[in-house]
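Here the structure comes first, spelled out in structure tokens, and everything after it is commentary.
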Amino acid sequence: MKRVNGHEILTLFEQWSPKRFAENWDPIGLHIGQLNRPIEKVLITLDVNEAVVDEAIEKGAKLIIAHHPPIFSPLKHIWTDTPQGRLIEKCIKHDISVYAAHTNLDVAPGGVNDLLASRLGLADIGVMEPTISDPLYKLAVFCPVEQADELRRVLARSGAGAIGDYEGCSFTSTGTGRFTPSAGADPFIGEVGKLEEVIEERIEVVLPGPLRSKVLKAMLAAHPYEEPAYDFFILDQRTEEFGLGRVGKLPEAMELKEFAQFVKKVLDVPAVRIVGDASKSVRKVAVLGGSGSKYIRAAKRKGADVFVTGDMDFHSAQDAELMDLAIVDPGHHVEKVMIEGVARYMEQACLKKGYDVSFIESQIDTEPFRFV
């Protein structure tokens, strides 16, 4: 097993939950500390408070991955006799780094909202509010016929040519390439100063925008020519949409009051608030971890019978009632599902890479509300 540092761990994490998925107001990323030191244990938590930092110290975790950013607004100063300053000081003194993945983890496939949808047993799950889709590119590259098959294999291994459930998709046309190597060239085919004609294949593959640099690097490394000819074209098509919230269906319809009790049980909360007729039949469910007041219209546009989300304010609840959208509010803290989900995902991902690191699920209850 390979010993790793924080950079290697978070590079792997961001392949799953990239920063580009985050909303532009969201202060994600490294908040405290550094990443270029060896990491053997990582603590996964919803929030970072002093008790969580004490837990990391006790368990020997030098990196904390949190969902909620501990420094949400820019700091003008760090006074160590304040709760926030004391927390930062304690992290620095004990060489603990803190990294936050917030709305990017909400958006990521398999992230917070998919974890919540899974807990609710939803099927036919889709995105509730699209926020990002990547451009689709076409790469066209010219290659001698004899080396074309190997180049196609390299392009496929780098991720190019994946369309739906198919891999290694490409199109080839054949023609004649002409070039004259000049002084200083080291041609794979031909001689300096002499016009050369070569039967070449034009290989065309599509690829998503985020893979462009990876595919280009692989192609250049594998291509036999010193100066290969190639073009990238941006297409009107887009890749799959990513976004906030999920919409899916329950196996069977329930009355709202029954569904509310179900939510309370599977999301492990002491109480829920509901909006709507308790006897209303619900089957299509929208779910959004965190604060969902401003997304009631998105849930309604997707045809949801009920919207499961936290922090519902009074006027938004009234608006939902007017549009006949039932609400079940289990609170913001249900996002705690990310603790187990992130730990499990990262354990499996690091095992595949041969990384010698373990992930610890925080046992600190950071729910600020108590119900009486």
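The values are calculated or read from the model by the stated rules, or taken from the named source; none is laboratory data. Computed from a predicted structure; not experimentally measured. As a convention, Cβ positions derive from the backbone with ideal geometry for all residues, glycine included, and neighbour counts pool all protein chains shown. These area figures cover heavy atoms from the full protein model, side chains too; ligands, DNA and RNA do not enter into them. Shrake-Rupley method; radii C 1.70, N 1.55, O 1.52, S 1.80 Å.
Numbers at a glance
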read-out	value
Every residue from the range 298-313 that is on the phi < 0 side of the Ramachandran plot and either charged (D, E, K, R) or open to solvent by 10 Å² or more (accessible area, probe 1.4 Å) (or both)	Lys300, Arg301, Lys302, Asp305, Met312, Asp313
Residues of the range 325-356 that turn out to be crowded, with 21+ Cβ neighbours inside 10 Å, within 13 Å of Ile44 (Cβ to Cβ) and hydrophobic (A, V, I, L, M, F, W, C), as a count	6
Residues that are open to solvent by 80 Å² or more (accessible area, probe 1.4 Å), touching a residue at least 12 places away in the same chain (Cβ under 8 Å) and more than 30 Å from Ser293 (Cβ to Cβ), drawn from the range 228-264	Tyr230, Phe233, Ile234, Gln237
One residue from Gly85, Gly159, Gly168 being under 30 Å from Asn36 (Cβ atoms) and either part of a loop (DSSP other than H, G, I, E, B) or open to solvent by 30 Å² or more (accessible area, probe 1.4 Å) (or both)	Gly159
Some residue of the range 106-127 being small (Gly, Ala, Ser), within 30 Å of Phe232 (Cα to Cα), buried (at least 17 other Cβ atoms within 10 Å of the Cβ) and under 20 Å from the mean Cα position of the chain (by Cα)	yes
Hits in the range 203-260 - residues which are outside any strand (DSSP E or B), of a type in the set (D, E, K, R) and more than 27 Å from Pro144 (Cβ to Cβ)	Lys257, Glu258
Matching entry among Ser316, Ser279, Ser291, Ser362 (being buried (at least 16 other Cβ atoms within 10 Å of the Cβ) and either in contact with a strand residue (DSSP E or B) (Cβ under 7 Å, 6 or more places away or on another chain) or at positive phi (or both))	Ser362
Residue check for Ser133: in a helix (DSSP H, G or I), small (Gly, Ala, Ser), open to solvent by 10 Å² or more (accessible area, probe 1.4 Å) and closer than 30 Å to Gly290 by Cβ	no
Residue list for the range 38-59, restricted to those being in a loop (DSSP other than H, G, I, E, B) and more than 19 Å from the chain's Cα centre (by Cα)	Glu40, Val48, Asn49
Criterion: in contact (Cβ under 8 Å) with a residue 60 or more places away in the chain, within 30 Å of Gln237 (Cα to Cα), in contact with a strand residue (DSSP E or B) (Cβ under 8 Å, 6 or more places away or on another chain) and aliphatic (A, V, I, L, M) - qualifying residue of Ala160, Ala140, Ala148, Ala218	Ala140
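This table checks each residue for (1) surrounded by 23 or more Cβ atoms within 10 Å (Cβ to Cβ); (2) part of a helix (DSSP H, G or I); (3) in contact (Cβ under 8 Å) with a residue 24 or more places away in the chain.
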position: Ala61; (1), (2), (3): yes, no, yes
position: Ile71; (1), (2), (3): no, no, yes
position: Ile78; (1), (2), (3): no, no, no
position: Glu89; (1), (2), (3): no, yes, no
